[in-house]
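K.L.:
Once you've had a glance at the structure underneath, I'll fire off some questions.
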Amino acid sequence: MKKYILSLAVLSAATLFTACNDNLDTDPRVTELTAATFPGKPADVEALNAATYSIMNTLGGGDQSGILNNPFYWWCLMSDDCYGSGGLQDNVAKSLHHFTTASANQYEQDFILLYGGISRANNQIETIDNVNWAGGKENAQRKQLLGEGFFMRGFYTLLLTQMYGDVPLITSTTVTDDMQNEVSAGEVIYPQIIADFVSGTNLMNVASGYGINGDGHANRYAAEAFLARAYMFWAGFYKKAGELANGSGPAIELKDRTGEAIKQEGCSVDKISQSDVVAALKDIVASGRYKLCEDFRSLWQYSNSLLYDEAKDGKGHAYAFIADMKRENCFDQPGMGNGNTEEIFQIQFMNASKWAIGGTYNNPRMYSNYLSCFWGLRNGATNDNGKRDKTYPFNQGWGQGTPSCNIWNDWTAAEQAGNYTDKRKKATLIDLDNELESYTYEKDDCEESGYAVKKYADVNLDANPADNDSWWKKAPGYSSSSLDNPQQGDHFEDFYLMRYADVLLMLTELTGEASYMNQVQKRAGVPTTAYSLKAVQNERRWEFALEGIRFNDMRRWSGIDSGEGSYAAKALQAQSGQQITCLGKKNSRVMEHMTKAGWAKRYADTNGFLPKPQAQMTLMNGAMKQNPGWGGDDDPKHTPANEYTYRVMY
């Protein structure tokens with residue numbers, strides 16, 4: 001059988017798992033660029049590498065079927081950080097939050113995208129030595145590009161299995177029969193993920209990366225950080241390791257589906273222990289490459305210097321919340337914001353989006369951080385919230401995934417118990433009733449808490465109060481938007497996938513050494529404490545609120561099949577009974593699950609996994625089974641919006 005490189009931009013769901021067959025030999029899409037002739041030079045491998053990374057932009061910026069593709073946004077909606085909210089018609093966001101479905105293939109897009117990314121990474125790994133590298137396998141550029149291929153394969157596979165559980169493990173562009181069957185994530189997939197991160201660690205150099213003038217690619221330290229994240233989820237969720245500071249994490253044996261040791265370039269070890277993971281994290285710290293930004297607000301675009309410089313009536317700052325910052329710490333200053341000193345890995349965006357919806361691998365909106373639009377203040381013609389006197393300095397958006405009452409209330413209770421003010425709370429959340437005094441709620445709002453997202457919130461300047469232009473339009477180096485609608489297209493803030501704060505908190509959780517956690521606490525204005533698992537859990541919740549980390553933390557602190565009494569189930573169920581605003585009526589209802597099951601039972605039934613898309617299961621012809629809690633009589637379907645309104649909100 002001939003093996004060809006097909007354009008992955010035209011790969012469909014139907015070809016992702018199709019084994020080699022004679023039809024491919026006559027596929028009209030095939031060109032003379034075969035695996036024997038391409039890539040032929042280093043620039044070709046760089047192009048393959050860029051294509052592998054580009055899947056992240058479609059995940060982070062793609063708007064498909066009324067929902068953002070970003071898995072971390074989905075995990076925010078599934079956690080106790082957020083409600084589904086939005087308008088009556090926004091069923092997808094609500095169904096994510098309530099662990100239900102609105103359609104059989106609702107969660108298919110990310111399934112396809114992640115396997116597409118894995119396919120591209122496999123191609124990059126397999127064909128890299130078509131190039132005649134000077135110096136052979138020790139060529140620094142070759143090693144870096146190969147390491148990035150392994151890292152990205154591990155990254156996409158990690159997201160895939162955290163979302164969908166046991167799935168087929170694809171480690172080659174030639175999909176053999178055994179690869180088409182789903183395998184155990186805990187026993188087969190995670191060893192491969194860890195091996196890929198080990199290869200990335202040993203092959204990639206330390207000079208790339210984004211923060212501190214890097215080039216935006218992964219580097220050795222990104223691989224070490226994700227090695228820790230993957231190991232901790234595996235040990236906590238699948239092996240129920242408990243409190244890792246006690247040294248309870250088992251070693252993970254790096255064996256393939258046949259039980260043989262995984263052997264691939266850059267990975268020659270047969271297992272990874274908890275102490276190996278600690279050593280990897282300490283290597284990041286010892287490098288001195290990363291450090292926490294002095295001011296937590298420096299991470300978020302509302303602290304940009306253009307907004308900072310705006311004066312109110314010629315006196316003081318127009319946006320008082322950032323008035324006490326040092327100007328050099330503003331988002332758009334050197335070492336802050338995009339490319340800041342604590343950013344280890346991220347999704348980057350640029351002004352190249354187009355005004356259209358659709359496209360599996362090349363969604364026209366993929367270069368805009370669409371999260372800013374989804375989390376933007378829900379406003380429009382009904383209450384005329386688009387005027388800046390009601391929302392300044394924040395812009396409008398879809399208002400889906402608004403912060404829950406729980407995160408504000410729990411955070412406030414922690415502050416009161418410790419007699420301190422956590423600087424991160426108001427740097428993360430907008431208190432609509434007190435911070436935006438003229439704000440009014442939309443008449444078709446659902447599940448409103450009275451809070452909005454300040455992280456990633458789109459902002460504008462007071463110079464043009466009648467328009468919805470982002471502050472980016474006036475930022476140095478900005479060129480006019482390629483979208484006809486800047487309100488939806490001008491969002492270029494990086495989406496953080498790994499920050500140095502995570503390295504520090506993982507180290508404390510793994511070792512019990514509080515000094516790492518204390519650095520994070522000190523920046524937040526929180527009294528430093530001795531180690532306890534509860535302290536680490538709180539710090540992780542507050543530090544990474546609304547960054548998509550919380551849900552999988554909850555899962556690993558619970559363990560698989562942990563029932564309705566687990567950490568995650570109880571935290572989710574605590575949303576029930578909270579006072580919420582619906583249909584513009586403040587505190588008119590209490591939050592309740594849209595089915596009789598409740599959050600605790602839905603979490604216990606599903607273990608936090610999404611349903612596998614029915615179209616993909618049909619394609620696999622029985623080789624892939626539906627996840628527990630989905631597809632049977634116990635699977636509560638998301639009710640239509642109008643029925644939900646009458647049943648819950650009136």
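K.L.:
Which pairs have Cβ atoms under 7 Å, sit 6 or more apart or on different chains, and link a residue in the range 416-439 that is of a type in the set (S, T, N, Q) to one that is assigned to a loop (DSSP other than H, G, I, E, B)?
P.N.:
THR421/GLY525; THR428/LYS454; THR428/LYS455; THR428/ALA545; THR428/LEU546
K.L.:
Can you tell me which residue among ALA574, ALA545 is open to solvent by less than 40 Å² (accessible area, probe 1.4 Å) and either closer than 29 Å to ASN419 by Cα or out of contact with any Gly (no Cβ under 6 Å at 6 or more places or on another chain) (or both)?
P.N.:
ALA545
Every residue, every condition in (1) surrounded by 17 or more Cβ atoms within 10 Å (Cβ to Cβ); (2) within 27 Å of ASP445 (Cα to Cα); (3) over 24 Å from the mean Cα position of the chain (by Cα); (4) modelled with pLDDT of 90 or more, yes or no:
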| site | (1), (2), (3), (4) |
| --- | --- |
| SER298 | yes, no, no, yes |
| GLN301 | yes, yes, no, yes |
| LYS312 | no, no, yes, no |
| GLY335 | yes, no, no, yes |
| GLN346 | yes, no, no, yes |
| ARG365 | yes, yes, no, no |
| GLY376 | yes, yes, no, no |
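K.L.:
Do we have LYS522 as under 22 Å from GLN274 (Cβ atoms), open to solvent by 10 Å² or more (accessible area, probe 1.4 Å) and out of contact with any helix residue (DSSP H, G or I) (no Cβ under 9 Å at 6 or more places or on another chain) here? Before the answer, list the steps.
P.N.:
On the way: under 22 Å from GLN274 (Cβ atoms): no; open to solvent by 10 Å² or more (accessible area, probe 1.4 Å): yes; out of contact with any helix residue (DSSP H, G or I) (no Cβ under 9 Å at 6 or more places or on another chain): yes.
No; evaluated as a whole, the condition is false for this residue.
K.L.:
Criterion first (in contact with a helix residue (DSSP H, G or I) (Cβ under 9 Å, 6 or more places away or on another chain), surrounded by fewer than 19 Cβ atoms within 10 Å (Cβ to Cβ), more than 25 Å from ILE344 (Cα to Cα) and charged (D, E, K, R)) does LYS586 satisfy it? Talk me through it step by step, then tell me what you get.
P.N.:
Numbers: in contact with a helix residue (DSSP H, G or I) (Cβ under 9 Å, 6 or more places away or on another chain): yes; surrounded by fewer than 19 Cβ atoms within 10 Å (Cβ to Cβ): yes; more than 25 Å from ILE344 (Cα to Cα): yes; charged (D, E, K, R): yes.
When the stated conditions are applied, LYS586 passes them.
K.L.:
Suppose we keep only residues that are of a type in the set (Val, Ile, Thr) and either part of a loop (DSSP other than H, G, I, E, B) or over 23 Å from ARG556 (Cβ atoms) (or both) within the range 238-273. Which one would you say is farthest from the chain's Cα centre (by Cα)? Before you say what the answer is, go through the steps one by one.
P.N.:
At the first step, the residues of the range 238-273 found to be of a type in the set (Val, Ile, Thr) are 252, 258, 262, 269, 272.
Now restrict to residues that are either part of a loop (DSSP other than H, G, I, E, B) or over 23 Å from ARG556 (Cβ atoms) (or both): 258, 262, 269.
Numbers: THR258: 32, ILE262: 28, VAL269: 30 Å.
Among those that are of a type in the set (Val, Ile, Thr) and either part of a loop (DSSP other than H, G, I, E, B) or over 23 Å from ARG556 (Cβ atoms) (or both), it is THR258.
K.L.:
Of the conditions (1) open to solvent by 10 Å² or more (accessible area, probe 1.4 Å); (2) closer than 20 Å to LEU497 by Cβ; (3) touching a Phe, Trp or Tyr at 6+ places or on another chain (Cβ under 7 Å), GLN109 clears all except one; give me its number.
P.N.:
So the condition that GLN109 fails would be (3).
K.L.:
Considering only residues of the range 57-68 that are open to solvent by less than 10 Å² (accessible area, probe 1.4 Å) and out of contact with any Lys or Arg (no Cβ under 7 Å at 6 or more places or on another chain), which is modelled with the lowest pLDDT?
P.N.:
Of all residues in the range 57-68, those open to solvent by less than 10 Å² (accessible area, probe 1.4 Å) come to 58-62, 67-68.
Remaining after also requiring out of contact with any Lys or Arg (no Cβ under 7 Å at 6 or more places or on another chain): 58-60, 67-68.
On the way: THR58: 87, LEU59: 87, GLY60: 81, ILE67: 75, LEU68: 84.
Step by step, filter the range 57-68, then rank; the result is ILE67.
K.L.:
Pick from LYS596, LYS570, LYS585: which is among the basic types (Lys, Arg), farther than 26 Å from GLN109 by Cβ and at pLDDT 95 or above?
P.N.:
Working: LYS596 fails: at pLDDT 95 or above; LYS585 fails: at pLDDT 95 or above.
So the residue among LYS596, LYS570, LYS585 that is among the basic types (Lys, Arg), farther than 26 Å from GLN109 by Cβ and at pLDDT 95 or above is LYS570.
K.L.:
Hey, another quick one. Out of the residues in the range 414-470 that are among the β-branched types (Val, Ile, Thr) and over 15 Å from LEU307 (Cβ atoms), state the one that is modelled with the lowest pLDDT.
P.N.:
Of all residues in the range 414-470, those among the β-branched types (Val, Ile, Thr) come to 421, 428, 430, 440, 453, 459.
Those left that are additionally over 15 Å from LEU307 (Cβ atoms): 421, 428, 440, 453.
Details: THR421: 98, THR428: 98, THR440: 82, VAL453: 96.
Here the residue is THR440.
K.L.:
Filter the range 314-328 for residues that are surrounded by 13 or more Cβ atoms within 10 Å (Cβ to Cβ) and more than 31 Å from the chain's Cα centre (by Cα); which is farthest from LYS390 (Cα to Cα)? Lay out the reasoning, then the answer.
P.N.:
Taking the range 314-328 first, the residues surrounded by 13 or more Cβ atoms within 10 Å (Cβ to Cβ) are 317-319, 321-322, 325, 328.
Filter once more, keeping what is more than 31 Å from the chain's Cα centre (by Cα): 317-318.
Working: HIS317: 17, ALA318: 14 Å.
Looking at the filtered set, the residue picked out is HIS317.
K.L.:
Tell me whether the range 525-537 contains one or more residues that are modelled with pLDDT of 95 or more, of a type outside the set (Asp, Glu) and closer than 30 Å to ASN351 by Cβ.
P.N.:
The first filter runs over the range 525-537 and keeps only residues modelled with pLDDT of 95 or more, leaving 525-537.
Still in the list and also of a type outside the set (Asp, Glu): 525-537.
Subset that is closer than 30 Å to ASN351 by Cβ: none.
Looking for residues that are modelled with pLDDT of 95 or more, of a type outside the set (Asp, Glu) and closer than 30 Å to ASN351 by Cβ, one finds none in the range 525-537, hence no.
K.L.:
Moving to a separate point now. Could you tell me which residue of the range 415-428 is nearest to TYR456 (Cα to Cα), considering only residues that are part of a helix (DSSP H, G or I), touching a helix residue (DSSP H, G or I) at 6+ places or on another chain (Cβ under 8 Å) and open to solvent by 20 Å² or more (accessible area, probe 1.4 Å)?
P.N.:
Among them, the one singled out is LYS426.
K.L.:
Does ALA280 qualify as being open to solvent by 60 Å² or more (accessible area, probe 1.4 Å), within 16 Å of THR201 (Cβ to Cβ), part of a helix (DSSP H, G or I) and aliphatic (A, V, I, L, M)?
P.N.:
Values: open to solvent by 60 Å² or more (accessible area, probe 1.4 Å): no; within 16 Å of THR201 (Cβ to Cβ): yes; part of a helix (DSSP H, G or I): yes; aliphatic (A, V, I, L, M): yes.
No: the conditions fail for ALA280.
K.L.:
Does THR37 fit the bill of being modelled with pLDDT of 65 or more and loosely packed, with under 15 Cβ neighbours inside 10 Å? Break it down stepwise before answering.
P.N.:
On the way: modelled with pLDDT of 65 or more: yes; loosely packed, with under 15 Cβ neighbours inside 10 Å: yes.
Yes; evaluated as a whole, the condition is true for this residue.
K.L.:
Here's a follow-up. Return yes when MET325 is assigned to a loop (DSSP other than H, G, I, E, B) and at pLDDT below 95 and no when it is not. Even if it seems obvious, please write down each step before you answer.
P.N.:
Values: assigned to a loop (DSSP other than H, G, I, E, B): yes; at pLDDT below 95: no.
Against the criterion (assigned to a loop (DSSP other than H, G, I, E, B) and at pLDDT below 95), MET325 does not qualify.
So that you can scan it fast, the table gives a plain yes or no per residue for (1) free of Cβ contacts under 8 Å to residues at least 60 places away in the same chain; (2) open to solvent by less than 20 Å² (accessible area, probe 1.4 Å):
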residue	(1), (2)
ARG229	no, no
MET232	no, yes
TYR238	no, no
GLU243	no, no
SER248	yes, no
LYS255	no, no
ILE262	no, yes
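K.L.:
Picking from ILE284, ILE272, ILE194, ILE262, which residue would you name as being closer than 20 Å to THR341 by Cα and among the β-branched types (Val, Ile, Thr)? Spell out how you get there, then give the answer.
P.N.:
Working: ILE272 fails: closer than 20 Å to THR341 by Cα; ILE194 fails: closer than 20 Å to THR341 by Cα; ILE262 fails: closer than 20 Å to THR341 by Cα.
Going through ILE284, ILE272, ILE194, ILE262 in turn, the sole match is ILE284.
K.L.:
Somewhere in the range 213-223, is a residue of a type outside the set (Gly, Ala, Ser), over 28 Å from TYR107 (Cα atoms), at pLDDT below 95 and touching a strand residue (DSSP E or B) at 6+ places or on another chain (Cβ under 6 Å)?
P.N.:
no
K.L.:
Can you work out which of the residues in the range 183-210 that are modelled with pLDDT of 95 or more and not in a helix (DSSP H, G or I) is most open to solvent (accessible area, probe 1.4 Å)?
P.N.:
SER184
The values are calculated or read from the model by the stated rules, or taken from the named source; none is laboratory data. Keep in mind the model is a prediction, meaning the values are calculated, not measured. When we count neighbours, we look across all protein chains shown, and the Cβ atoms used for this are built from the backbone with ideal geometry, even at glycine. Quick note on the areas: whole protein, heavy atoms, side chains included, nothing else; ligands and nucleic acids left out. Shrake-Rupley method; radii C 1.70, N 1.55, O 1.52, S 1.80 Å.
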